[in-house]
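Student: One structure, as structure tokens, below. Some questions next.
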Amino acid sequence: MNKYMRAALKTLSYADIDIKNNYKIVRQLENAAHMDVTKPFYKTWDHTVTRGDHVIPVRIFSPDETLRDFPILLFFHGGGWVIGNIDSYNKVCRTMAKLTKHIVVSVDYRLAPEHRYPNGLLDCYEVAKELFLNSGLLHIRPEQITLIGDSAGANLAAAVSLMARDKGEFFPERQILIYPATYNDHTEHSPFPSVRENGTDYLLTSKRVQDYMELYMNSPKDLTDPYFAPLLSENLKDQPKTLIITAQYDPLRDEGEAYAHRLMKDGNQVELHRIRDALHGFFSLPPRFVQVKRCYQYINQFLSEVETCE
């Protein structure tokens, strides 16, 4: 990364807004910035899943104009559990469906702080349960489903996999975690160097991550819950085949890679890649960017290898 780009990123990072007091404003700005003006020109299908008295919206994207027999990516969006929704991720999901030749099912889980932990996670789990157990929903078999998420969404995907193992109601065979949040401390006391090395000058700051977690948690005891911070799990056995992708200049880089190594240590099949010169959030960039191209190369290779073996 050249010095001019570093200087620009540093300036933008210092303008970090107080998310805890202004999260509603940030949501509005994010939604406006990611408005998809092309949505009327491609087809999506909207569906709902009911959990108790709450209805969870999902949006379905297909590689073409049909819902024929494509495998499925069950997608949980990023945004620190506080911002983002299925509308702001339309373009990401449309690109994902097109480039992977998979149906993408995007989940509009509830956001904090209005709905703190574990509400968003339980919404994601309920949609996964519906998809895995109701094979007639999209005419697919459970082994055709892959969990995928970016950032906070990757945290949710990892937590859904752990919860599925513990509850025994269904079992995801694959998960793709893109720069996942897996740990509970992003202060100066973090054991991970990337929090300090990349935590001030690369758009996403470690302070912002810490603020997001404080908005997400319901009480301090959540910080030690492995469904909140999967790296804290004492047992990571019997997890899906996993692809983890991290970004070089990301405060979350080291904890994502530590999670990959913990999964490996506990006997799981894991593939780990670090995207060079990439920042946190790069997955939402247009597909012409080299970092996005490289990411999809890893994703498609992983999907092709595991689906061919089945």
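Student: Go through the range 190-223 residue by residue and tally those that are open to solvent by less than 30 Å² (accessible area, probe 1.4 Å), out of contact with any strand residue (DSSP E or B) (no Cβ under 8 Å at 6 or more places or on another chain) and under 16 Å from D277 (Cα atoms).
Tutor: Qualifying residue count for the region: 2.
Student: Considering only residues that are aliphatic (A, V, I, L, M), touching an Asp or Glu at 6+ places or on another chain (Cβ under 9 Å) and outside any strand (DSSP E or B), which ones fall in the range 277-296?
Tutor: From the range 277-296, those aliphatic (A, V, I, L, M) are 278-279, 285, 290, 292; that's our starting set.
Still in the list and also touching an Asp or Glu at 6+ places or on another chain (Cβ under 9 Å): 278-279, 290.
Once the filter is applied, which keeps residues that are aliphatic (A, V, I, L, M), touching an Asp or Glu at 6+ places or on another chain (Cβ under 9 Å) and outside any strand (DSSP E or B), the range 277-296 yields only V290.
Student: Name the residues in the range 170-189 that are charged (D, E, K, R) and surrounded by fewer than 13 Cβ atoms within 10 Å (Cβ to Cβ), would you? Show your work before the answer.
Tutor: Of the range 170-189, the ones charged (D, E, K, R) are 173-174, 185, 188.
Answer for the range 170-189, where residues must be charged (D, E, K, R) and surrounded by fewer than 13 Cβ atoms within 10 Å (Cβ to Cβ): just E188.
Student: Mind telling me which of the residues Y249, Y298 ends up being more than 24 Å from V104 (Cβ to Cβ), touching a His at 6+ places or on another chain (Cβ under 8 Å) and of a type outside the set (A, V, I, L, M)?
Tutor: Values: Y298 fails: more than 24 Å from V104 (Cβ to Cβ).
After applying the criteria, what remains is Y249.
Student: How about the range 121-133: which of its residues are free of Cβ contacts under 8 Å to residues at least 40 places away in the same chain and either under 20 Å from N268 (Cβ atoms) or not hydrophobic (A, V, I, L, M, F, W, C) (or both)?
Tutor: To start, the set of residues in the range 121-133 that are free of Cβ contacts under 8 Å to residues at least 40 places away in the same chain comprises 125, 133.
Within the range 121-133, just Y125 meets the criteria.
Student: Does T95 fit the bill of being closer than 15 Å to T44 by Cβ, surrounded by fewer than 24 Cβ atoms within 10 Å (Cβ to Cβ), hydroxyl-bearing (S, T, Y) and at pLDDT 95 or above? Break it down stepwise before answering.
Tutor: Details: closer than 15 Å to T44 by Cβ: yes; surrounded by fewer than 24 Cβ atoms within 10 Å (Cβ to Cβ): yes; hydroxyl-bearing (S, T, Y): yes; at pLDDT 95 or above: yes.
Judged against the criteria, T95 is a match.
Student: Is one or more of the residues making up the range 134-156 without any contact (Cβ under 8 Å) to a residue 12 or more places away in the chain, open to solvent by 10 Å² or more (accessible area, probe 1.4 Å), assigned to a loop (DSSP other than H, G, I, E, B) and within 23 Å of T246 (Cα to Cα)?
Tutor: No - not one qualifying residue is present in the range 134-156.
Student: On the basis of being polar (S, T, N, Q), closer than 22 Å to D211 by Cα, more than 13 Å from the chain's Cα centre (by Cα) and surrounded by fewer than 22 Cβ atoms within 10 Å (Cβ to Cβ), does N85 make the cut? Give the derivation first.
Tutor: Working: polar (S, T, N, Q): yes; closer than 22 Å to D211 by Cα: yes; more than 13 Å from the chain's Cα centre (by Cα): no; surrounded by fewer than 22 Cβ atoms within 10 Å (Cβ to Cβ): yes.
So N85 fails the test.
Student: Then there's this: Based on this model, can you work out whether L236 counts as among the aliphatic types (A, V, I, L, M) and over 15 Å from H280 (Cβ atoms)?
Tutor: On the way: among the aliphatic types (A, V, I, L, M): yes; over 15 Å from H280 (Cβ atoms): yes.
Criteria met by L236.
Student: So I245 clears everything in (1) touching a residue at least 24 places away in the same chain (Cβ under 8 Å); (2) open to solvent by less than 10 Å² (accessible area, probe 1.4 Å); (3) out of contact with any Cys (no Cβ under 9 Å at 6 or more places or on another chain) except one condition, right? Which one?
Tutor: Only one criterion in (1) touching a residue at least 24 places away in the same chain (Cβ under 8 Å); (2) open to solvent by less than 10 Å² (accessible area, probe 1.4 Å); (3) out of contact with any Cys (no Cβ under 9 Å at 6 or more places or on another chain) is unmet by I245, namely (3).
Student: Oh, and also: Which of the following residues is open to solvent by 20 Å² or more (accessible area, probe 1.4 Å) and assigned to a loop (DSSP other than H, G, I, E, B): P57, P63? Walk me through how you get there before you give the answer.
Tutor: Values: P57 fails: assigned to a loop (DSSP other than H, G, I, E, B).
Among P57, P63, only P63 is open to solvent by 20 Å² or more (accessible area, probe 1.4 Å) and assigned to a loop (DSSP other than H, G, I, E, B).
Student: Also, I was wondering about something else. Determine whether the range 260-276 contains at least one residue that is among the small types (G, A, S) and assigned to a helix (DSSP H, G or I).
Tutor: Initially, the range 260-276 is screened for residues among the small types (G, A, S), giving 260, 267.
Right, trim to assigned to a helix (DSSP H, G or I) and you get 260.
Within the range 260-276 (the criterion being among the small types (G, A, S) and assigned to a helix (DSSP H, G or I)), the answer is yes, since at least one residue qualifies.
Student: For the range 44-54, which residues satisfy the criterion of being open to solvent by less than 50 Å² (accessible area, probe 1.4 Å) and outside any strand (DSSP E or B)?
Tutor: none
Student: Out of the residues in the range 68-113 that are in a loop (DSSP other than H, G, I, E, B) and touching a Leu at 6+ places or on another chain (Cβ under 6 Å), which is farthest from I148 (Cα to Cα)? Can you show your working first?
Tutor: Taking the range 68-113 first, the residues in a loop (DSSP other than H, G, I, E, B) are 68-71, 77-89, 101-102, 108-113.
Restricting the remaining residues to those that are touching a Leu at 6+ places or on another chain (Cβ under 6 Å) gives 82, 102, 112-113.
Working: V82: 18, H102: 12, A112: 20, P113: 23 Å.
So, considering only residues that are in a loop (DSSP other than H, G, I, E, B) and touching a Leu at 6+ places or on another chain (Cβ under 6 Å), the one farthest from I148 (Cα to Cα) is P113.
The values are calculated or read from the model by the stated rules, or taken from the named source; none is laboratory data. Given the structure is predicted, the values throughout are model-derived calculations rather than measurements. For neighbour counting, all protein chains shown are included, and Cβ atoms are generated from backbone atoms with ideal geometry for every residue, glycine included. Protein only, heavy atoms only, side chains kept; ligands, DNA and RNA dropped before computing areas. Shrake-Rupley method; radii C 1.70, N 1.55, O 1.52, S 1.80 Å.
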